[in-house]
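Any read-out appearing in this document is the output of simple, stated calculations on the displayed coordinates, not a laboratory observation. On a predicted model such as this, the values are computed, not experimentally measured, just so you know. Every residue, glycine as well, gets a Cβ built from its backbone with ideal geometry; the counts of neighbours run over all protein chains shown.
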């Protein structure tokens with residue numbers, strides 16, 4: 001009887017896992033302001049400066065752009081339009097939480113080193129794949145990956161503009177800031193965020209999970225009661241033999 005109860009509970013748990021955790025699918029595009037076929041403004045000077053190429057007064061500039069996912073997902077991959085000038089070709093990408101309208105705590109880092117000089121769409125794969133929640137604002141930050149890096153984050157071709165709330169820049173060359181907003185009505189840079197959308201369990205899956213929990217609880221209680229009864233009989237048998 002005990003063995004049959006254990007098999008039944010284990011079977012229900014296995015079926016529950018299959019119902020609640022679907023097979024892994026290809027990453028979904030969570031945000032993109034590229035044009036068709038990943039189009040962007042591909043002129044080398046059509047973008048925001050990373051690490052002060054256009055003017056010495058710019059300093060060690062880093063740029064951050066805001067996006068808000070409509071669904072929860074595992075952050076997996078970033079694509080962005082970059083121009084890398086001769087010299088070191090290292091860029092670091094940071095996923096940051098929002099801190100009162102500015103880039104805040106770092107959620108993930110994607111180093112892109114050994115890139116090719118020129119203008120192109122580059123991709124970075126997340127290793128940590130943090131969970132990013134629906135309707136929460138996040139920032140994608142681009143920082144020079146080492147001294148001497150001269151780069152630009154090219155603008156999109158879709159008319160997506162900065163309104164003072166989705167664009168941040170810092171002269172500190174670090175995701176720590178200090179950050180400043182501004183540049184109203186200027187074009188935002190081109191980027192795309194991809195991830196695994198996290199589904200909400202169907203009601204039938206939740207019922208199956210609840211059923212599995214009940215069966216496990218009853219099975220555990222039954223096994224405990226049977227062990228207690230067997231121990232009591234063993235003690236009683238020993239006591240009777242000692243008085244014979």
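Assuming R0 = 35 Å, what is the FRET efficiency of residue 106 and residue 37, from their Cβ-Cβ distance, to the nearest 0.05?
Numbers: r = 32 Å, r/R0 = 0.91.
With R0 = 35 Å, the Cβ-Cβ based efficiency is 0.65.
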### Task
Can you give me the three principal axis dimensions of segment 28-197 from its C-alpha atoms, in Å, biggest first?
40, 33, 31
### Task
Find the centroid of the Cα atoms in segment 161-193 and in segment 94-120, then give the distance between the two in whole Å.
12 Å
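Working out 0.36 nm times the residue gap between residue 163 and residue 221, then minus their Cα-Cα distance, what length gain in nm do you get to one decimal?
Numbers: separation 58, 0.36 × 58 = 20.88 nm, distance 6.15 nm.
Here the segment from residue 163 to residue 221 would lengthen by 14.7 nm.
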### Task
May I ask you to list the residues of segment 115-142 whose amide nitrogen lies under 18 Å from a point 7 Å from Cα along the Cα→beta-carbon direction of residue 97?
128-141
### Summary
Rounded to one decimal in nm, the spacing of the 7 Å Cα→Cβ label points at residue 131 and residue 174 is 3.1 nm
### Query
What is the fewest-to-most order of 92, 98 by other Cβ atoms lying within 10 Å of their Cβ?
98, 92
